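Okay, structure first, notes after.
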Amino acid sequence: MPFIPHTPEDIQEMLSVIGAANIDALFDEIPADLRAKPLVGIPEAMSEMAIGQLMQQRAVQDGRVLNFIGAGAYEHHIPAAVWAIVTRGEFYSAYTPYQAEASQGTLQLLYQYQTMIASLTGMEVSNASLYDGASALGEACLMAVRAHRKSKSLRILIPNTVSPIYSKVAHACVGHQRLSLEAVPFSKESGTLSVAALDAYKGQDITAIVIQQPNFFGQLEDVDALTDWAHANGTMVIAVVNPLSLAILKPPGQWGQKGVDIVVGDGQPMGVPLSGGGPYFGFMTTRMEYVRQMPGRIIGRTVDLEGKQGFTLTLQAREQHIRRSKATSNICTNQGLLVTAATIHMSLLGAEGLEDVAATCCARLDEFIAAVAKVPGVQVKFAGPRFHEAVLTFNRPIPQVLDALAKQGIAGGYDLTPHYPELGNALLVCVTETRTTADIQKYVAALL
Amino acid sequence: MTEKLIFEHSRPGRSATAQRPHAVAAQSKIPSALRRQTRPLLPEVSELQAVRHFTRLSQLNFSIDTHFYPLGSCTMKYNPRACNQYAMLPELLGRHPLAPESLGQGFMTCLFELQEMLKEVTGMRGVSLTPMAGAQGEFAGVAMIRAYHHARGDVQRDEIIVPDAAHGTNPATATMCGCKVVEIPSLSNGDIDVEALKGAVGPKTAGIMLTNPSTLGVFERRIVEVAQIVHKAGGLLYYDGANLNAILGKVRPGDMGFDVIHMNLHKTFSTPHGGGGPGSGAVGVSERLLPFMPIPIVGKEGDKYRWLTEKDLPQSIGRLSAFMGNAGVLLRAYIYMRMLGRDGMHRVAEFASLNANYLSARLQKAGFEAAYPSRRASHEFIITVKRQARELGVNAMDFAKRLLDYGYHAPTTYFPLLVPECLLIEPTETEAKQDLDAFVEAMIAIQREAETDAEKVKTAPHTLPVRRLDDVRAAKQLDLVWKATG
């Protein structure tokens with residue numbers, strides 16, 4: 001019996017202690033007519049070897065794709081040590097650290113994570129993670145409504161330079177709580193949000209605005225001016241950022257005169273593999289004054305009864321298992337294992353190492369753009385500074401372009417036409433430090 | 001044993017250079033106004049220092065791999081290594097979520113088959129794998145219930161009925177979905193108060209959220225009647241899959257009359273808990289909720305797999321994650337189900353129940369008081385130490401903390417809220433009889449200590465990396481990030 005250790009003798013002894021004739025008798029409180037029939041839709045058991053062979057086969061069927069897609073998930077080198085430690089049973093098979101004394105490893109790690117991500121984003125406090133970046137944006141919108149006591153409108157601006165993928169998830173998360181998430185158009189010339197576009201909302205009660213940096217097109221927004229506009233208007237600022245970019249970009253805590261109010265994003269670029277879409281983790285940092293409005297687990301440092309340093313879950317009065325229907329969120333788990341990966345990743349690379357990664361991404365992207373701009377029928381859509389990604393336009397439909405690339409084993413980018421028909425045949429392409437000159441040449445050759 | 005903060009291992013100018021790309025000369029064209037001026041507080045350590053630090057941290061944890069972990073309602077069963085290894089094949093790890101379907105047919109086959117198996121094992125008509133945790137699965141479920149009523153123009157239905165024994169996530173979810181919570185009591189035998197339910201339902205009832213077996217560790221015997229009452233009132237039934245391990249392959253939520261369920265793949269299907277996530281809260285639905293399922297879902301046309309999106313399900317409650325939920329967790333659940341196979345499913349419930357009933361019987365024989373002694377235990381059961389608390393001043397928390405000294409992770413304490421001084425104990429099917437016996441011996445020893453040296457129990461643990469922590473100080477003098485100055 002896979003994973004079940006009972007011998008026939010064990011079973012007999014156990015049944016006799018219970019006073020049951022057989023195992024089936026343990027289910028005698030379930031009405032007989034409800035009992036399940038054999039589960040014919042489930043195949044017979046496979047041995048570890050057989051399932052291993054099957055998974056190998058499926059993996060090989062998909063092959064090793066040369067990836068040029070970003071759009072919220074980024075391929076980076078992950079040091080070998082990261083997942084070697086993450087998959088240690090003591091991290092992998094532990095649970096939420098409710099018993100603090102027996103969970104100091106996870107708790108201290110999370111405290112260190114909170115320190116790192118707060119510093120990286122330039123904010124005062126962090127939680128121990130949320131599900132992913134997109135759902136973290138939804139939680140941030142709800143948090144802004146709780147935190148901004150003067151604003152009554154429940155209106156939140158989500159400019160069209162924010163990921164439409166994130167925007168959709170935010171809508172699904174907050175849709176039941178009467179929030180109004182409103183789109184704002186961007187400049188077709190620069191691919192960024194202008195302060196002028198916000199002036200249409202001047203003087204209105206807007207609870208918060210979301211600013212993504214780099215934005216969905218990979219372009220850099222004028223975050224100082226946008227943040228100052230919002231604060232002058234009495235509007236909170238929610239920043240959506242790529243944590244790797246913060247190795248070289250101004251942290252949201254320093255945007256404008258006062259810095260932003262809430263920062264969220266996806267931690268995936270920090271040591272988490274692409275893995276078909278997850279598991280990743282969402283992060284959230286904020287000002288100390290809003291800490292009690294923050295959803296999710298928070299770890300604090302304290303002392304034990306002998307005065308020795310220790311770590312524990314804190315501010316639990318916000319959470320569902322205490323507050324039930326009045327909790328800040330229904331969130332229960334975080335993404336602990338992925339945060340473990342990110343913390344080890346950030347520790348191994350350090351600030352300087354992350355700078356090198358980010359700078360190499362920029363250099364590779366520049367190299368790619370220079371090469372692809374020479375291909376007839378291809379144009380680089382926006383000038384201006386960018387990170388990780390760029391928008392290309394083609395003289396033919398994007399599905400046709402992507403099919404041709406896929407035939408060469410290349411995932412060629414993210415088709416923008418469904419969301420942004422106004423951009424024409426536009427493709428969002430990502431180049432990280434993992435793409436070599438040879439990879440770039442292969443891409444360009446496939447377009448010719 | 002303790003371990004310094006990694007920042008205290010740090011020294012300026014030290015780094016793990018092999019892990020960094022070789023620096024490129026070209027500096028990018030980012031204007032200085034957009035650039036970072038001061039470096040973030042990240043440690044400067046060598047690879048060895050980092051590896052040693054995090055390995056030592058891991059050793060401060062209890063985990064399934066190192067300790068019996070009978071945490072009630074959490075199903076801490078063994079996480080097979082094969083599930084991890086085969087979900088981490090390089091091709092699968094390297095797959096971008098937005099890569100063309102033509103380059104992901106192998107991956108999508110696994111997810112499609114997982115959907116099919118979960119449908120079969122729960123008796124539901126459709127499954128969506130996207131929710132990233134149980135609580136998000138709950139959110140999806142209640143959102144679908146609301147969408148269903150709204151689509152029928154039945155917009156006044158905004159009340160969700162929740163038994164008092166429910167997980168805190170149930171009422172919190174109802175609130176997040178814009179519903180009001182109506183709480184109904186449990187009877188002294190652990191069943192729902194059906195009369196109270198009859199009084200609670202009405203034209204405003206959107207649905208009821210139930211866990212069955214309940215968090216009291218007993219099967220809700222009048223479930224068919226409950227379903228009839230709620231359905232007759234126009235409401236739908238939500239199944240919280242927290243305790244699915246107890247009935248896997250024995251009775252299916254779909255056959256009990258549930259309209260929507262979430263499954264905790266990290267419990268029943270043995271994906272890792274990871275120190276508090278990632279979870280995975282796949283949802284299953286009955287016929288009438290099919291149009292509202294969260295997307296994406298894997299569809300099959302001929303022998304090709306493709307993502308079902310807004311175009312296919314225009315009434316969907318939408319997307320709950322940026323991409324495909326916790327995809328890597330789904331692969332682990334898939335591998336686990338294939339290794340167990342058809343007969344492995346009901347064996348899970350059978351041996352989980354055998355272990356729970358055995359442990360309950362032995363503890364009762366040793367003098368411990370079960371909260372529901374007249375009932376069969378499901379996969380878990382409740383011991384109450386209210387007598388010990390009253391007579392000896394030793395409470396459930398003290399037992400829990402002392403168990404840590406004996407090398408056992410504590411059971412769930414003080415949940416469910418309606419049983420005083422309770423220990424909710426869930427051994428799972430992967431524990432051997434001799435380990436259960438040893439746990440009983442530890443409980444007996446602690447009981448003896450409570451009678452002879454209560455102080456020792458009340459001040460436990462004594463042998464862990466730290467003693468009991470000052471939670472009040474943690475909440476009052478908030479120290480949430482380390483500062484270089486101290």
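Computed from the coordinates by the stated procedures, all read-outs in this text should not be read as laboratory data. Computed from a predicted structure; not experimentally measured. With ideal geometry, Cβ positions are generated from the backbone for all residues, glycine too; neighbour counts draw on all protein chains shown.
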*Projected area of the protein assembly as shown, taken from the Cα convex hull and averaged over every viewing direction, in nm²?*
35.5
*Candidates A:Gly307, A:Gly133, A:Gly122: whichever shows maximal mean-square fluctuation once chain A is modelled as a Gaussian network with Cα springs under 10 Å*: A:Gly307
_Under the 0.36 nm per residue contour assumption, what length would be gained going from the current alpha-carbon distance of B:Arg81 and B:Glu8 to full extension?_
22.9 nm
*Where does the Debye-calculated log10 I(q)/I(0) of region A:224-372 sit at q = 0.20 Å⁻¹, using only Cα point scatterers of equal weight, no solvent?*
-1.35
*Rounded to whole Å and sorted largest first, list the principal axis extents of the Cα atoms in chain B.*
76, 68, 45
*Taking only DSSP H segments of four or more residues, each worth -39500 (n - 2.57), what value at 222 nm results for chain A once the sum is divided by all its residues, to the nearest 500 deg cm²/dmol?*
-11000 deg cm²/dmol
_Beta bridge orientation in chain A: antiparallel %, DSSP, nearest 5_ = 55
*Starting from the Cα of A:Ser153, step 7 Å toward the Cβ, then list every residue of region A:219-256 with an amide N under 11 Å from that point.*
A:233-236
*If all Cα-Cα distances of region B:46-114 are sorted into 5 Å bins from 0 onward, what percent lands in each bin, rounded to whole numbers?*
3, 12, 13, 14, 14, 15, 13, 12, 4, 0
*Could you work out the mean count of beta carbons from other protein chains within 10 Å of each residue's beta carbon in A:355-363?*
6
*Please work out the FRET efficiency for the pair B:Glu441 and A:Ala25, using the Cβ-Cβ distance as r and a Förster radius of 30 Å; give the result to the nearest 0.05.*
0.65
*So what's the gap between the Cα centers of region A:372-401 and region A:172-250, to the nearest angstrom?*
24
*Tell me, what does the Kirkwood hydrodynamic radius of chain A come to in angstroms if you use every pair of distinct C-alpha atoms?*
24.4
*Take each complete run of DSSP H in chain A, measure how far its Cα atoms stretch along the helix's own axis, and keep only those covering 24 Å or more with mean Kyte-Doolittle hydropathy at least 1.0; list them.*
A:336-372
*Please find, in a Gaussian network model of chain A (springs between Cα atoms separated by less than 10 Å), the residue of A:Ile410, A:Ile211, A:Ile51 whose mean-square fluctuation is greatest.*
A:Ile51
*List the residues whose amide H sits under 5 Å from the amide H of A:Glu182, counting only those 5 or more places along or on another chain, with H placed 1.01 Å from N in the peptide plane.*
A:Ile156, A:Leu157, A:Ile158
*In nm, give the distance between the simple-model label positions of B:Glu116 and A:Val60, each being 7 Å from the Cα along the Cα-to-Cβ direction.*
2.2
_Other-chain or far-sequence residues with amide H under 5 Å of B:Arg35's (modelled H)_ = A:Lys250
*For every other residue with a beta carbon closer than 11 angstrom to the beta carbon of B:Gly72, add +1 if it is Lys or Arg and -1 if Asp or Glu, then tell me the sum.*
-2
_Relative contact order (%) - chain B, alpha-carbon pairs under 8 angstrom, separation at least six_ = 19
*Compute the length gained on full extension between A:Ala50 and A:Ala225: take 0.36 nm times their separation in residues and subtract their Cα-Cα distance, giving the result in nm to one decimal.*
57.1 nm
_Test of understanding: ordering B:Asp158, A:Asp266 by Cβ neighbours within 10 Å, fewest first, what list do you get?_
B:Asp158, A:Asp266
*Tell me, B:Lys250, B:Lys456, B:Lys232 in order of fewest to most beta-carbon neighbours within 10 Å?*
B:Lys232, B:Lys456, B:Lys250
*How high is the relative contact order of region B:6-58, in percent, with contacts defined as C-alpha pairs under 8 Å that are six or more residues apart?*
64
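Can you give the relative contact order of region A:160-205 as a percent, counting alpha carbon pairs under 8 Å and 6+ residues apart? The partial results should precede the final answer.
Values: 20 pairs, mean separation 17.1, N = 46.
Relative contact order here is 37 percent.
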*Name the residues whose placed amide hydrogens come within less than 5 Å of the amide hydrogen of B:Thr412, ignoring near sequence neighbours (fewer than 5 apart) on the same chain.*
B:Gly72, B:Leu424, B:Glu426
*Calculated [θ] (222 nm, deg cm²/dmol) that DSSP helices of n ≥ 4 give over chain B, each run adding -39,500 (n - 2.57)*: -11500 deg cm²/dmol
*Which whole number of Å³ per residue matches the convex hull of the alpha-carbon atoms in region B:296-338?*
97
*Max mean-square fluctuation residue, GNM over chain A, Cα-Cα springs under 10 Å, options A:His148, A:His345, A:His388*: A:His148
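Which entries of A:Lys250/A:Lys442; A:Lys37/B:Lys180; B:Lys180/B:Lys232 have Cα-Cα distances beyond 28 Å here? Intermediate values should be presented prior to the final figure.
On the way: A:Lys250/A:Lys442 34 Å; A:Lys37/B:Lys180 37 Å; B:Lys180/B:Lys232 20 Å.
Cα-Cα > 28 Å for A:Lys250/A:Lys442; A:Lys37/B:Lys180; rest within.
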*Within 10 Å of each residue's Cβ, count the other Cβ atoms and sort A:Leu120, A:Leu416 from fewest upward.*
A:Leu416, A:Leu120
*For peptide A:5-13, how many partner chain Cβ atoms fall within 10 Å of a residue's Cβ, on average?*
4
*Sites B:Arg473 and B:Arg390 - FRET efficiency at Förster radius 25 Å, r taken between beta-carbons, to 0.05*: 0.30
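Under the definition of partner shielding as Cβ atoms of other protein chains within 10 Å of a residue Cβ, what is the mean value for peptide A:150-157? If you can, show how the numbers build up before the last one.
On the way: counts 0, 0, 0, 0, 0, 0, 0, 0.
The per-residue average across the peptide is 0.
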